[in-house]
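A.B. asks: There's a structure below that I have some questions on.
The values are calculated or read from the model by the stated rules, or taken from the named source; none is laboratory data. Predicted, not measured: the structure shown is a model, and the values here were computed from it. Cβ placement follows ideal geometry from the backbone for every residue including glycine, while neighbour counts extend to all protein chains displayed.
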Amino acid sequence: MTTPAHFTPFEGLMRGAGQPELAIRTFGHYYGELRRGATGLVPEADLLPVDALPDANALDGRLLAVHTSVTGLPTRAWRPCVNGEPQ
């Protein structure tokens, strides 16, 4: 993958800190989005209310993967979150 010049300093810092390649590429992707003007904000007109949410305790374990995300900036201690709770 070719590294844009504006990302090189960040890539060097991340590599020097021992960050995994996936974290570096992911950060680079979103840094590029930011440079292109993306805000990450969803227009209020696109938001819809939720009528009902399933009880997380009643979900099959395979379905929990759909509700799993990783939050935070790239660090050595990435922690997966399930329904917003660190695991």
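A.B. asks: Whether any residue in the range 57-71 is modelled with pLDDT of 75 or more and either on the phi < 0 side of the Ramachandran plot or in contact with a helix residue (DSSP H, G or I) (Cβ under 7 Å, 6 or more places away or on another chain) (or both) is what I want to check. Quick ask: steps written out before the conclusion?
C.D. replies: Looking only at the range 57-71, we keep the residues that are modelled with pLDDT of 75 or more, and these are 57-58.
Filter once more, keeping what is either on the phi < 0 side of the Ramachandran plot or in contact with a helix residue (DSSP H, G or I) (Cβ under 7 Å, 6 or more places away or on another chain) (or both): 57-58.
Within the range 57-71, one or more residues are modelled with pLDDT of 75 or more and either on the phi < 0 side of the Ramachandran plot or in contact with a helix residue (DSSP H, G or I) (Cβ under 7 Å, 6 or more places away or on another chain) (or both).
A.B. asks: Let me ask you something else. Go through the range 6-55 and give me each residue that's without any contact (Cβ under 8 Å) to a residue 12 or more places away in the chain, surrounded by 10 or more Cβ atoms within 10 Å (Cβ to Cβ), in a loop (DSSP other than H, G, I, E, B) and among the small types (Gly, Ala, Ser).
C.D. replies: 38
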